[in-house]
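Remarks on the structure that follows.
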Amino acid sequence: MQTAGIVLAGGLSSRFGSPKAFAEWDGVPYYRFSLQAMAPFCEECLIVTRPELVPQFPIGIKTVTDLAKIAGQGPVAGILTGMESIKADRYVVLPCDMPFMEPGVIGELLKRHQSGVTAVVLDGKKHPLVSVWDVSAQAELRKALESRLRRVMEVQEKIGVQWVDGCSLTCNPGKVFENVNTPGVLERRGSDGGDRR
């Protein structure tokens, strides 16, 4: 079974103040942590981003922008674009703003995945973009975009989603599943001595 990886890096990062994909932790840009987490399990990975950000990624990292007919419609468009850019049986999806993500989490999530979509929930908070999607989800993603449905969780519910408890995937879920939406998160991590191990 072929597995591909999709990193979503097309958001406006309005709260962060600059593109989050290129923010750094320990000198490493965020997007690389997402790629590193999924790479051991994927034959191929790519980043879906905005056209103006493509030149900022190094040569050798595959980047694509939203298909013209669905451009600007958020993560749902990004996921479909990624699926249509790489042929695979299933797709690991990660956002670009989880620099503490671990490869072990992806491995465990793939083990739990059965069909449709599998995603993470932690302490009642759902993380729909930490997920695994079957290729068959493309039809529902297209249908959602045609009807202007942009909420990822609503699309997942239509497909049939299995929510996996993040506590069962890692011993440090509070850190691993933290979205870095403001620079202050980095400052707190620096003051508490939080490394990635």
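Quick note: the coordinates plus some simple rules give every number you see, no bench work behind them. This one's a predicted model, so the numbers in the text were calculated from it and none came from an experiment. Every residue, glycine as well, gets a Cβ built from its backbone with ideal geometry; the counts of neighbours run over all protein chains shown.
Please list, ordered by first then second residue, the pairs with beta carbon atoms under 8 Å, 6 or more apart or interchain, first in region 53-79 and among the acidic types (D, E), second part of a loop (DSSP other than H, G, I, E, B) and surrounded by fewer than 20 Cβ atoms within 10 Å (Cβ to Cβ).
Final answer for the pair search is D66/G72; D66/Q73.
Looking at region 110-125, which of its residues are of a type outside the set (G, A, S) and over 13 Å from the mean Cα position of the chain (by Cα)?
Within region 110-125, the subset of a type outside the set (G, A, S) is 110-114, 117-118, 120-123, 125.
Hits for region 110-125 are L110, K111, R112, H113, Q114, V117, V121, L122, D123, K125.
If a residue has to be surrounded by fewer than 16 Cβ atoms within 10 Å (Cβ to Cβ) and in a helix (DSSP H, G or I) to count, how many in region 144-174 make the cut?
Counting residues in region 144-174 that are surrounded by fewer than 16 Cβ atoms within 10 Å (Cβ to Cβ) and in a helix (DSSP H, G or I) gives 7.
Residues checked against (1) of a type outside the set (F, W, Y); (2) outside any helix (DSSP H, G or I):
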{"residue": "P75", "(1), (2)": "yes, no"}
{"residue": "Y91", "(1), (2)": "no, yes"}
{"residue": "V105", "(1), (2)": "yes, no"}
{"residue": "L109", "(1), (2)": "yes, no"}
{"residue": "A119", "(1), (2)": "yes, yes"}
